[in-house]
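Note sheet for the following structure.
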Amino acid sequence: MFDLSEKQVVTEDDIKNIPLGAKLYLGEKSIVTPLAADLIAQNRLEILRKQPHTKRRPRVALGSDHGGVEMKVALKELLSELGIEFHDFGTYDTKPVDYPDYAHLVAGSISQGSYDLGIIIDGAGIGSCMVANKLPGVRAALAYNAALARNSREHNDANVLTLGGRFISIDQMRDIVKVWISTSI
């Protein structure tokens, strides 16, 4: 099988070295030029089209320290509105806790492949980011606005987002998370 599914336009140059009767795999929206179509027919190539890819919604791991609990409640409401599955690793009240414990739980779930994405909220977002980035396969990024969130996904393929609950509002968090969740590399 000859895979040309990544080509947007298939020309006769793409086809000329493919043996008679071979299977040719094209993208769902690939355009075949008239000369390429003639060569395909002449060489009796079988065309298989790539089926549309249905993107599955990510599974998200959440965590916060005591300073991020209030924002995390709003985050869970947002994720529910968006139809995104999540798991809350805690904490669940405002009694003081150590943020690294919760950052490690979330990042660990990403590192182990149990969840696709993670979001951690602490006071500034910096400490959780540092903890998360110590685990293999985790690419954590701190974002204080939607532009940074987009950049972290588009250019760095960040799989963990950290937020500073004392430095952004609930509305800002909603904007940041919506952009972050919907952006891909």
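The values are calculated or read from the model by the stated rules, or taken from the named source; none is laboratory data. Every value quoted in this text rests on a predicted model; they were computed, and no experiment measured them. Because the Cβ atoms are built from the backbone with ideal geometry, glycine has one as well, and the counts that use them run over all protein chains shown. Remember, those area values only see protein heavy atoms, side chains included, never the ligands or the DNA or RNA. Shrake-Rupley method; radii C 1.70, N 1.55, O 1.52, S 1.80 Å.
Couple of notes before you dig in:
Let's see how each residue does on (1) modelled with pLDDT under 95; (2) in contact with a strand residue (DSSP E or B) (Cβ under 7 Å, 6 or more places away or on another chain); (3) among the hydroxyl-bearing types (Ser, Thr, Tyr):
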site: Cys129; (1), (2), (3): no, yes, no
site: Lys134; (1), (2), (3): no, no, no
site: Ala140; (1), (2), (3): no, yes, no
site: Arg150; (1), (2), (3): no, no, no
site: Asn159; (1), (2), (3): no, yes, no
site: Ile185; (1), (2), (3): yes, no, no
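- For the range 149-185, a tally of residues being touching a residue at least 12 places away in the same chain (Cβ under 8 Å), under 24 Å from Val73 (Cα atoms) and open to solvent by 70 Å² or more (accessible area, probe 1.4 Å) returns 6.
- Index of the failed condition, Gly125 passing every other in (1) at positive phi; (2) in contact with a helix residue (DSSP H, G or I) (Cβ under 7 Å, 6 or more places away or on another chain); (3) not charged (D, E, K, R): (2)
- Candidate set: the range 109-142, residues that are within 16 Å of the chain's Cα centre (by Cα) and part of a helix (DSSP H, G or I); chosen: the one farthest from Lys72 (Cα to Cα): Ser111
- Unmet requirement for Ala143, which otherwise passes all of (1) open to solvent by 10 Å² or more (accessible area, probe 1.4 Å); (2) in contact with a Ser or Thr (Cβ under 7 Å, 6 or more places away or on another chain): (1)
- Here Ser114 clears all of (1) touching a helix residue (DSSP H, G or I) at 6+ places or on another chain (Cβ under 8 Å); (2) surrounded by fewer than 16 Cβ atoms within 10 Å (Cβ to Cβ) except the condition numbered (1).
To keep it simple, each residue is scored yes or no on (1) at pLDDT below 95; (2) touching a His at 6+ places or on another chain (Cβ under 7 Å); (3) outside any loop (DSSP other than H, G, I, E, B).
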site: Lys55; (1), (2), (3): yes, no, no
site: Gly63; (1), (2), (3): no, no, yes
site: Val69; (1), (2), (3): no, no, yes
site: Leu75; (1), (2), (3): no, no, yes
site: Tyr92; (1), (2), (3): no, no, no
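- Tally, over the range 43-93, of residues that are aliphatic (A, V, I, L, M) and either open to solvent by 60 Å² or more (accessible area, probe 1.4 Å) or under 20 Å from the mean Cα position of the chain (by Cα) (or both): 10
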